[in-house]
Amino acid sequence: MIGPNLSEWAIRSRPLTIYMMIVAVIMGAFAFLHLGRDEDPSFTIKTMLVTAVWPGATMEETQTQLTDRLERRLEETTGLDAIRSITRPGIVTIYVDLDGQFPPDRVSDVWQEVRNGVGDIRHTLPPGVLGPFFTDNFGDVFGIIYGFTADGFSDRELRDHVDSVRSDLMRQVDGIAKIEWIGTQDEQVLLEFQPDRVAAMGLDYSQIFNAIAAQNVVRPAGVITTGAENLAVRVSGAFDSEADLLDVSLVANGRTIRLGDIATVRRALSEPPQPLLHINGQRAIALAISMAEGGDILELGKAVTKAMAGITANLPIGIEPMLISDQPKVVDLAIGDFTTSLMQAVIIILVVSFLSLGARPGSVVAIAIPVTLSVVFLVMRALEIDLHRVSLGALIIALALLTDDAMTTVDAMLRRLAVGDTVDKAATFAYRTLAAPMLTGTLITIAGFVPIGFAQSQAGEYTISLFLVVGIALIASWFVAVLFTPIIGSVILKPPAAGATQQPGPILRAYQRFLSLALRFRWITLAVTAGLFLIALLGLQRVDRQFFPASDRNELIVDFQLPASSSIYASEDAIRGIEAFVAGTGEAQFFTSYIGRNVIRFYLPLAIQPPSDHHSQIVVMARDLEARGRLQKSLEEFLDETYPQAISRVSPLELGPPIGWPLQYRLTGPDIETLRSRALDLAGVVASNPHAREVHFDWIEPARQLRIEIDQDRARRLGLTSGQIAAILNTAVSGATVSQLRDGIYQIPIVARAAEGNRVSLDTISTLQVPVPGGRTVSLGQFANFSYDQEQPFLWRRDRLPTLTVLADVAPGSTPEAVAAALEDDIAALNASLPNGYAVNLGGTVETSAESQESVFAVIPVMMFLMVTLLMVQLQSFRDAGMVLLLLPLGLIGVVAALLLFQRSLGFVAILGILALIGMIAKNAIILITQITEDRASGLSVVDAAVQAATSRLRPLMLTALSTILGLLPIAPTLFWGPMAFAIMGGLLIATLLTLVFLPVLYVTVHGGAADPKPARA
């Protein structure tokens, strides 16, 4: 017995115990109503983005002067796993990835360390560098997105109205962390010159630009202080509108020239456009709303919906809002489905209890369930554990386990009542004989979940609430069993009628005969069990592997990439074709296209890449799951036929940590040309597997560039420098920003460029008229030569080494793990053939899965230490503890059989289920061995004690196993929990049978004894 008899105290303090039970139920119900709601558990994205911009720099200059300098400092970061950088001419984005085992609560400190470290070297960066800029909220989820389209309004008018909506939402709705813009296009004021007029007037572009900037500058003009007041002095000249630019006065050769005489001005959208947003094929802008930390997404959704109802009523006709991401609705449906599953599990367990125990004992268990759940909800509220996919599944798993102790207590009370004990005495007897093994078994079951709770990885952080909720529920169920169940039982349970005898039923008699045969042929029993275990190990090789399954949401993500040098206009044209196809299928409710960028993170497990003109994504909301499947197939066929030059992938949303393309192989090495050559070999190896498709590279093809070689001698004779020529070209080709027009909250750039008829194209660049001193113009071709060259549009590096990644999707019916396993020998052979300094490393799903499993397996020694320690504390026998340990892996027989029979994959969640199963098996084994030991102490022989204990434990063991197995049925069909449910159900069923047959045989074999037992008492 553990300490004082708590059941005896509870019965002695009956009013206080009943009061505590009532309070627990009421407070638990209140806590449940106020638990936060979300779709997925939050986990820390341990990645920070560092971005720097150097306008005009070449690829090589950016790489050596920016990327290298920043990476050298960033590689000193605490807890660093890898540095990934993507360098483009004039811009670098660096991903600082922390190790998966790095503590989440220390991540913010590291990000501050990164800021400080980069700040220390900012002065060493080249002049003109903008930044570096830091993004450490990479994992923010924008679950509510409203899109806005306009008919009859300009882009600026639409933006102004939507900005008012944004301001109203921030002011009216609590719980909003931030609101991001999507698809907005900045304006620019275009000042378009006639180059021949500029030259004829003897003007220099730098002179013009300086005059514009000088007139528009904001500078203090002083304050005049008198004896009575302070008067601020203001100087006029700043531009109030774009028309004011035309009145700027220029002086050349003693003449005053009005800017309007040599240029025109107009307001337009920036060119090329920024990343675009389409809603159902129409250009739009959107507001993406993220929830404040610790908020309730359902409450936020209600508040935003209410606010939007009033706000949109005031929008002018022609501006249409549309909810394109509604996470509160998804969460509400998901929680509703899981709550239904929870209620189904409760009903199943109650039915099992009533049918197997009878009305009165079943009622005791039925009352114990809501009491235990109330305590669980109360503790979840205190620990701020929200209701989401993982915690709700954990509740169902816990529900299947938490009735074990209550059933054991009720069964013990019934047995004592049958021999004539009073109800109070029967309750105290149950505590005295079973409280210790029940607690030990409970702790061992919790120990089985320890690898889940202490796995240092994103997947571990994602599933940690499984450990917490199950642990809370099991501890709560033990206290309910020893404190409240005796009180409930004392009211409901009745002793059997006088003279009533309990004869063994047909099931019990059949079990006794079978156990007698197993004991008589003990070596055959042991051999058969060993043979089944070996078959299970062989069958395990045939079970499919899958890290996490796809989501069961209706969305499809269309990932679409044109060649890397493609413009955003080319991307938009292609996306319009895809949109037209989707609209024509009739399978989509709506679709949203993100052109020139990834989707915003509206769902936590999304893999986000930096914006790029050639890369777009479409979110298609299918009408239902069946429509999603049909649409996925038809879209894949359409994309393959219509855009053979593009790389595309159509996939549902992912579960678990964000990964992106599932099959990835990284080739690293110092020389880019060698990388290109060997990457083609690597791609050939990957493509040789028939289950790998859409094989491509994250970068490989170079882009064209026009190189202008200036004859420096001729240029200097003309009075020109390379800097002046570059400025003239920039003005003629793209336009040069000379000042800003301050318009409300916006600063609109004033961009000077040549008029449309004089703008440079590839065909006319050699005839570009370059103004020279003296009022003349000279064609560029007179002092420059033109040639085409190749430049890498962007370059990925990993840990400061160029890295070229081969990416691929997998065919339906296959998994990345299976494809990677099939390619393992070929990849190893390719690796062996690479020059020194080059290597191929596996990435994608397989790498993340291996890291996550490694983090779990790293804690298994701790789990085993806890289990063995608890076994020794309870059993205090090496032989008995050894028998329990020998039984633990035999549950694999049922696990493999269930996974193969029901065609389920062995993924991360299923592995967690197998580990949890170990604790369940150990708990049952402890209680049985403890019972055998007690029966031997009462004078029975080893064989008789084994049979007597196994017979007496048959009903409670089978009852709890049946409750657990049937209680998991509601989540067995789900994509996320299904593999774990089947693993536990199959493993527990076989393990329970082995506990009742194999364990007594093993006990008799180890401890010795006659093979023929005496008939067991009922």
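The values are calculated or read from the model by the stated rules, or taken from the named source; none is laboratory data. These figures come from a predicted structure and were not determined experimentally. Every residue, glycine as well, gets a Cβ built from its backbone with ideal geometry; the counts of neighbours run over all protein chains shown.
Given the condition among the aliphatic types (A, V, I, L, M) and in a strand (DSSP E or B), answer yes or no: does some residue in segment 240-248 qualify? So far as segment 240-248 goes, no, none of its residues is among the aliphatic types (A, V, I, L, M) and in a strand (DSSP E or B).
With respect to Ala703, determine if the residue is in contact (Cβ under 8 Å) with a residue 40 or more places away in the chain and closer than 30 Å to Met201 by Cβ. Judged against the criteria, Ala703 is not a match.
Would a scan of segment 788-798 turn up a residue that is at pLDDT 85 or above, basic (Lys, Arg) and either over 25 Å from Arg88 (Cα atoms) or under 32 Å from the mean Cα position of the chain (by Cα) (or both)? The answer is yes; a qualifying residue exists. The condition of being buried (at least 19 other Cβ atoms within 10 Å of the Cβ) and either under 28 Å from Ile672 (Cβ atoms) or over 32 Å from the mean Cα position of the chain (by Cα) (or both) holds for only one of Leu834, Leu842, Leu871, that being Leu871. For Val491, the conditions (1) at pLDDT 85 or above; (2) over 36 Å from the mean Cα position of the chain (by Cα) are fulfilled apart from (1). A count restricted to segment 671-704 and to residues that are in contact with a Leu (Cβ under 8 Å, 6 or more places away or on another chain), of a type outside the set (Lys, Arg) and part of a helix (DSSP H, G or I) stands at 7. Can you find a residue in segment 54-70 that is in contact (Cβ under 8 Å) with a residue 60 or more places away in the chain and part of a strand (DSSP E or B)? For segment 54-70, residues in contact (Cβ under 8 Å) with a residue 60 or more places away in the chain and part of a strand (DSSP E or B): absent. Every test in (1) at pLDDT 90 or above; (2) more than 25 Å from the chain's Cα centre (by Cα); (3) surrounded by 14 or more Cβ atoms within 10 Å (Cβ to Cβ) is passed by Asn116 save one, and that test is (3). Filtering segment 772-791 for residues that are over 27 Å from Asp204 (Cβ atoms) and either in contact with a helix residue (DSSP H, G or I) (Cβ under 6 Å, 6 or more places away or on another chain) or among the aromatic types (Phe, Trp, Tyr) (or both) leaves a non-empty set. The residues of segment 256-284 that are part of a strand (DSSP E or B) and either free of Cβ contacts under 8 Å to residues at least 12 places away in the same chain or closer than 30 Å to Val582 by Cα (or both), listed by number, are Thr256, Leu269, Leu276, Leu277, His278, Ile279, Gln282, Arg283. Among the residues of segment 357-388, those that are of a type in the set (A, V, I, L, M) and more than 17 Å from Leu402 (Cα to Cα) comprise Ala359, Ala382, Leu383, Ile385, Leu387. Where strands (runs of 3 or more DSSP E) fall entirely within segment 769-872, those with at least 3 residues that are more than 30 Å from Thr67 (Cβ to Cβ) are at 769-772, 776-779. Looking at Phe591, is it outside any helix (DSSP H, G or I), at pLDDT 90 or above and either within 27 Å of the chain's Cα centre (by Cα) or crowded, with 22+ Cβ neighbours inside 10 Å (or both)? It is true that Phe591 is outside any helix (DSSP H, G or I), at pLDDT 90 or above and either within 27 Å of the chain's Cα centre (by Cα) or crowded, with 22+ Cβ neighbours inside 10 Å (or both).
For segment 812-849: of the residues being within 22 Å of Gln546 (Cα to Cα) and among the polar types (S, T, N, Q), which is modelled with the highest pLDDT? Top of the filtered list is Asn841.
Rundown of residues vs (1) in the same structural domain as Glu555 (by TED's automatic domain parsing); (2) without any contact (Cβ under 8 Å) to a residue 60 or more places away in the chain; (3) of a type outside the set (D, E, K, R), yes/no style:
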site	(1), (2), (3)
Glu579	yes, no, no
Thr585	yes, yes, yes
Ile595	yes, no, yes
Ile600	yes, no, yes
Leu606	yes, yes, yes
Gln617	yes, no, yes
Met621	yes, no, yes
Leu625	yes, no, yes
Gly629	yes, yes, yes
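Exactly one residue among Gly967, Gly986 is modelled with pLDDT of 85 or more, surrounded by 21 or more Cβ atoms within 10 Å (Cβ to Cβ) and of a type outside the set (A, V, I, L, M), and that residue is Gly986.
Scanning segment 701-718 for residues that are exposed (fewer than 14 other Cβ atoms within 10 Å of the Cβ) and farther than 30 Å from Leu804 by Cα, we see that the one that is nearest to the chain's Cα centre (by Cα) is Glu709.
Does Ala527 count as touching a Pro at 6+ places or on another chain (Cβ under 8 Å) and either over 30 Å from Ile608 (Cα atoms) or part of a loop (DSSP other than H, G, I, E, B) (or both)? The answer is no for Ala527.
When each of Arg649, Arg666, Arg676 is tested for being surrounded by fewer than 19 Cβ atoms within 10 Å (Cβ to Cβ), at pLDDT 85 or above and among the basic types (Lys, Arg), the lone residue that passes is Arg676. Suppose the filter is assigned to a strand (DSSP E or B), out of contact with any Asp or Glu (no Cβ under 7 Å at 6 or more places or on another chain) and either farther than 21 Å from Lys178 by Cα or at pLDDT 85 or above (or both); does Met322 pass it? Yes: the conditions hold for Met322.
Only residues that are part of a strand (DSSP E or B), of a type in the set (A, V, I, L, M) and in contact with a helix residue (DSSP H, G or I) (Cβ under 8 Å, 6 or more places away or on another chain): list them for segment 725-748, please. Answer for segment 725-748, where residues must be part of a strand (DSSP E or B), of a type in the set (A, V, I, L, M) and in contact with a helix residue (DSSP H, G or I) (Cβ under 8 Å, 6 or more places away or on another chain): Ala736, Val738, Leu741. Checked against (1) in a helix (DSSP H, G or I); (2) closer than 15 Å to Val582 by Cα, Ile618 passes all but condition (1). Against the list (1) without any contact (Cβ under 8 Å) to a residue 60 or more places away in the chain; (2) in a loop (DSSP other than H, G, I, E, B), the condition Val92 fails is (2). Reported count of residues in segment 327-373, each being in contact (Cβ under 8 Å) with a residue 40 or more places away in the chain and over 30 Å from the mean Cα position of the chain (by Cα), is 17. Just one of the listed residues (Asp261, Asp240) is exposed (fewer than 11 other Cβ atoms within 10 Å of the Cβ) and of a type in the set (Asp, Glu), namely Asp240.
Arg955 meets all of the listed conditions (1) touching a Ser or Thr at 6+ places or on another chain (Cβ under 8 Å); (2) in contact (Cβ under 8 Å) with a residue 60 or more places away in the chain; (3) buried (at least 20 other Cβ atoms within 10 Å of the Cβ) but one, namely (3). For segment 131-187, residues that are over 16 Å from Tyr746 (Cα atoms), of a type outside the set (Val, Ile, Thr) and assigned to a strand (DSSP E or B) total 11. Answer yes or no: is there a residue in segment 16-27 that is in the same structural domain as Asn116 (by TED's automatic domain parsing) and part of a helix (DSSP H, G or I). No, segment 16-27 contains no residue that is in the same structural domain as Asn116 (by TED's automatic domain parsing) and part of a helix (DSSP H, G or I). Just one of (1) out of contact with any Asp or Glu (no Cβ under 7 Å at 6 or more places or on another chain); (2) not assigned by TED's automatic domain parsing to the domain that holds Gln747 fails for Val251. It is (2).
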